[in-house]
1. Which shape class applies to the range 69-154: rounded if a/c is under 1.5, otherwise prolate when a/b exceeds b/c and oblate if not, where a ≥ b ≥ c are the square roots of the Cα gyration tensor eigenvalues?
2. Could you work out how much longer the chain between residue 81 and residue 245 gets when fully extended? Use 0.36 nm per residue separation minus the Cα distance between them, nm to one decimal.
3. Test of understanding: ordering 53, 99 by Cβ neighbours within 10 Å, fewest first, what list do you get?
4. Between residue 137 and residue 173, what length comes free when the chain is fully extended (0.36 nm per residue of separation minus the Cα-Cα distance, one decimal in nm)?
5. The range 73-151 to the range 178-197: how many Å between their Cα centroids?
6. Would you mind ranking 207, 122 so that the residue whose beta carbon has the fewest other beta carbons within 10 Å leads the list?
7. Between residue 122 and residue 197, what length comes free when the chain is fully extended (0.36 nm per residue of separation minus the Cα-Cα distance, one decimal in nm)?
8. Taking the beta-carbon count within 10 Å as an exposure proxy, list 58, 243, 98 from fewest neighbours to most.
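Just so you know, all these numbers are worked out from the coordinates, no wet-lab data involved. Keep in mind it's a predicted model, so treat the numbers as computed, not measured. Using ideal geometry, Cβ is built from the backbone for each residue, glycine included, and neighbour counts are taken over all protein chains shown.
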């Protein structure tokens with residue numbers, strides 16, 4: 001069978017279309033989904049955001065807690081190895097939970113669907129179950145979860161290095177574990193505050209925590225400002241540029257092409 005001759009053509013990549021395409025493709029059929037404009041289907045986009053936000057925050061919170069435990073125990077070598085091993089196990093807890101059937105969105109969606117057989121609650125319930133199905137595809141896959149965890153930890157290391165360099169710039173020495181512990185709490189606080197980039201909330205957390213590890217309050221505030229400058233500003237600029245490029249490409253793709261002039265009749 002030629003790729004240009006699919007078994008099924010689905011018009012629209014919404015919740016129903018994306019779900020049907022997935023089911024048919026898994027059954028071995030050649031499926032083509034036609035969409036009016038460029039964009040990520042709602043189900044897939046929601047699942048990606050939830051996995052990225054919650055799994056990354058979960059990993060950061062777990063590793064940050066481990067870093068504080070290690071620091072408070074006096075940096076024991078054996079304890080450090082035990083904590084590192086526990087982090088590997090913790091990273092796969094969501095995978096274990098999903099494989100064991102602990103799927104909260106599916107449970108909530110099923111309850112909503114049963115509450116109102118035909119209505120808005122049913123539609124929301126089905127959407128939640130579809131999103132849960134997409135999340136399960138990622139979290140139930142050990143390789144995907146492992147790759148995501150490694151990529152997230154690599155990003156956390158970069159942030160810890162930036163934080164330590166911000167301290168070094170004003171003559172304060174911060175090892176990576178201390179930088180990870182302080183910066184990790186600041187990021188978690190910023191995310192939970194629901195303020196864009198955690199502006200203010202993260203900075204206050206850094207200013208309050210650094211004196212706990214021996215940094216003077218004035219220098220702590222300065223480190224918070226420097227870290228904000230080297231972390232948030234570049235990300236903001238790149239995000240704006242990326243959004244502008246994607247928006248322009250999307251506009252060009254949706255712009256109708258002029259019909260050929262049929263000429264005089």
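1. prolate
2. That pair, residue 81 and residue 245, stretches by 54.5 nm at full extension.
3. Ranking 53, 99 by Cβ neighbours within 10 Å, fewest first, gives 53, 99.
4. Residue separation times 0.36 nm, minus the Cα-Cα distance, leaves 8.6 nm.
5. 22
6. 122, 207
7. 23.5 nm
8. Ranked by crowding around the Cβ, least crowded first: 243, 58, 98.
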